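Have a look at the structure below before the remarks.
The values are calculated or read from the model by the stated rules, or taken from the named source; none is laboratory data. Quantities reported herein were computed from a predicted structural model and do not represent experimental measurements. We place every Cβ from the backbone using ideal geometry, glycine too, and count neighbours over all the protein chains shown.
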Amino acid sequence: MDRETLRALARLRLKEARVLLRAGCYEGAYHLAGYAIECGLKACIAKRTRRYEFPDKRVVMESYTHDLTKLVRVAGLKPSLEQEILRSPAFEANWAVVKEWDVDSRYRRPTRREAEDLYSAIVNRKDGVLRWIRQHW
């Protein structure tokens, strides 16, 4: 999968999450919103892959995770994340919400509030997590 596809998937999953949220389907909205962040972070990892370069096996293996905190590290974004957290307490609060998402959320029943909080933490124009990811993808 290439970087452009991952970027497109991030945007699409977020759009789907918004539709589900508005329809009152909070469980699906929560899962897809988090999945949008996963796709965005994987696009950042793909950006680091050089054309015609054989990728490092460790990086490849570590990329096959749904853990957002691990994906930040694999993408080489931990220093940027730490700087953004220092810059903005609002971003720090948004990241705290987003990093709690995991792939197993599809088996849970998040509340309306949890789904709205996650979506808001992602899309906030000034301090949203997706705004930060877009700077790197």
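Identify, from the list Val59, Val97, the residue that is at pLDDT below 95 and at negative phi.
Exactly one of Val59, Val97 is at pLDDT below 95 and at negative phi, namely Val59.
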| Residues that are exposed (fewer than 15 other Cβ atoms within 10 Å of the Cβ) and either modelled with pLDDT under 95 or under 15 Å from Ala33 (Cβ atoms) (or both), drawn from region 110-134 | Thr111, Arg112, Arg113, Ser120
| Got a sec? Which of Trp101, Trp137 is surrounded by 15 or more Cβ atoms within 10 Å (Cβ to Cβ), of a type in the set (Phe, Trp, Tyr) and touching a Cys at 6+ places or on another chain (Cβ under 8 Å)? | Trp137
